[in-house]
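Enquirer: Sharing a structure here in structure tokens format.
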Amino acid sequence: MYILGQPVLRKETEEISADYEGLDELIANMFETMQKAEGVGLAAPQVGLPIRLFVVDLDVLSEDLPEYKGFLHAYINPQIIETSEETETMEEGCLSVPGIHESVRRPISVHATYMDENRALHDEWIEGYAARVFQHEYDHLEGKLFIDHISALRKQLIKKKLLAMTKGQYNCGYKTKVNR
Ligand code: NI
């Protein structure tokens, strides 16, 4: 896992082709990395790859949210076409920013296109918790992190923690790429 301070998290990402070498294996590895870290989403830049790909596992939430039973998907070359005007605030965290949780305001639904793990193309409105995670992961592909959305005041309050993080001072229960 790449952690705040590493340039790949802020890089522009590139679209990939459906026959990108080793794509199925990469998707499987990303699911494994995400599940070991107990995350619900993981974007390619978080494993050091500046490409437009992320994976989402909402199945882990299905005890509370039964509609997400079996929800394990990869999103290849996703694009956001439009978003709802209505927004909501929800607490977010990120495997690349361990130990930080902040409220983030986002649209409640997004109209998106993407290719899934079976290379099927989708053009749909994504809603609910799936829309929240989709937007968080999509941000990663734009070199953005959830902490970019918080207020200047909140940012000021966690500034020291973030700075320490970029110097390798953080705690988390999964393997990370050490900042040097
Ligand atoms: Ni994240």
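The values are calculated or read from the model by the stated rules, or taken from the named source; none is laboratory data. The model shown is predicted, which means the values in this text are computed figures rather than measured ones. Here the Cβ positions follow ideal geometry from the backbone for every residue, glycine too, while neighbour counts run over all protein chains shown. Keep in mind that these areas ignore ligands, DNA and RNA; they rest on the heavy atoms of the full protein, side chains included. Shrake-Rupley method; radii C 1.70, N 1.55, O 1.52, S 1.80 Å.
Enquirer: With +1 on the Cβ of every Lys and Arg and -1 on the Cβ of every Asp and Glu, and nothing else charged, how large is the dipole of region 88-153 about its Cα centre, in debye rounded to the nearest 20?
Expert: Dipole size: approximately 120 debye.
Enquirer: With Cβ to Cβ distances under 15 Å as the rule, what net charge do the other residues near residue 103 carry (K, R +1; D, E -1)?
Expert: 0
Enquirer: About the Cα centre, and with charges only on the beta carbon of Lys, Arg (+1) and Asp, Glu (-1), how big is the dipole of region 1-111? Nearest 20 debye, please.
Expert: Taking the Cα centre of region 1-111 as origin, the dipole is about 380 debye.
Enquirer: Can I ask one more? Between residue 162 and residue 116, how high is the FRET efficiency from 1/(1 + (r/R0)^6) when r is the Cβ-Cβ distance and R₀ = 41 Å? Nearest 0.05.
Expert: Taking R0 as 41 Å, the efficiency between residue 162 and residue 116 is 0.75.
Enquirer: Less than 19 Å from a label point 7 Å out along the Cα-to-Cβ axis of residue 123: which backbone N atoms in region 78-98 qualify, by residue?
Expert: The answer is 78-84, whose backbone nitrogens lie closer than 19 Å to the label point.
Enquirer: To continue, here is another question. Along the charge dipole of the chain, Cβ charges K/R +1 and D/E -1, which of 17, 90, 111 sits furthest on the positive end?
Expert: Working it through, the farthest residue towards the positive pole turns out to be 90.
Enquirer: Would you rank 137, 91, 12, 142 by solvent-accessible area, highest first, keeping every protein chain in place and using a 1.4 Å probe?
Expert: The ordering from most to least exposed comes out as 12, 91, 142, 137.
Enquirer: Any chance you could count the Lys pairs in the chain whose alpha carbons are under 13 Å apart, treating pairs 8 or more apart or on different chains as valid?
Expert: 4
Enquirer: Follow-up. With the full set of protein chains in place, find how many percent of the accessible area of region 1-47 is carbon and sulfur; take the probe as 1.4 Å.
Expert: For region 1-47, the apolar C and S fraction of the accessible surface comes to 44 percent.
Enquirer: Still on this model: So which residue, out of 74, 130, 152, gets the largest mean-square fluctuation from a GNM of the chain using Cα contacts under 10 Å as springs?
Expert: 152
Enquirer: Write down the accessible area per residue of the chain in Å², having rolled a 1.4 Å probe over the full set of protein chains.
Expert: Roughly 54 Å² per residue, with all protein chains present.
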